[in-house]
Amino acid sequence: QVQLVESGGGLVQAGGSLRLSCEASGRSFSSYAMGWFRQAPGKEREFVAAISWSGTVYADSVKGRFTISRDNVKKTVYLQMNNLKPEDTAIYYCAADRRGSGSRDIPDYDYWGQGTQVTVSS
């Protein structure tokens, strides 16, 4: 079993930056692909970014502004968010994929954190 705990959310003005962290428990963190997803009010949860052994992938809406990275020693995955926009406002979730695929698809992820709120004011 893997537990994921996100942190780093908050309120920021448009154009600002935040760094989200997701700390994992469990022994096999380094073999998992990790993803970030978000869900805005009244909308479905959507893919943001993922990192796996094959590299990183991003949603088009965040490409060039967000960077996903990981520290396997600390068992932590990060999401650096720059040039934030009001439309980035959402609850951000991290997720772990045991198969390591680094997919964009929600069903491919086995474990989920509780989420952290990001609010971007205009």
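The values are calculated or read from the model by the stated rules, or taken from the named source; none is laboratory data. Everything numeric here is computed off the predicted structure, so don't read it as measured data. When we count neighbours, we look across all protein chains shown, and the Cβ atoms used for this are built from the backbone with ideal geometry, even at glycine. In case anyone asks, the SASA skips ligands and DNA or RNA and just uses the protein heavy atoms, side chains included. Shrake-Rupley method; radii C 1.70, N 1.55, O 1.52, S 1.80 Å.
Quick notes on this one:
- Only one of the listed residues (ARG65, ARG38, ARG27, ARG19) is touching a residue at least 40 places away in the same chain (Cβ under 8 Å), surrounded by fewer than 20 Cβ atoms within 10 Å (Cβ to Cβ) and among the charged types (D, E, K, R). That residue is ARG19.
- Screening the stretch 1-106 for strands (runs of 3 or more DSSP E) wholly inside it with 2 or more residues that are hydroxyl-bearing (Ser, Thr, Tyr) and closer than 25 Å to THR119 by Cα returns the ranges 55-58, 66-71, 76-81, 90-97.
- Identity of the residue in the stretch 68-102, open to solvent by less than 30 Å² (accessible area, probe 1.4 Å) and modelled with pLDDT under 95, that ends up nearest to PHE29 (Cα to Cα): GLY100
- Residue, most open to solvent (accessible area, probe 1.4 Å), within the stretch 41-59, restricted to residues that are on the phi < 0 side of the Ramachandran plot and of a type in the set (Gly, Ala, Ser): SER54
- Taken together, TYR58, TYR109 contain a single residue that is in contact (Cβ under 8 Å) with a residue 60 or more places away in the chain and touching a strand residue (DSSP E or B) at 6+ places or on another chain (Cβ under 6 Å), which is TYR109.
- Flag if ASP71 is free of Cβ contacts under 8 Å to residues at least 24 places away in the same chain and farther than 23 Å from GLU23 by Cα: no
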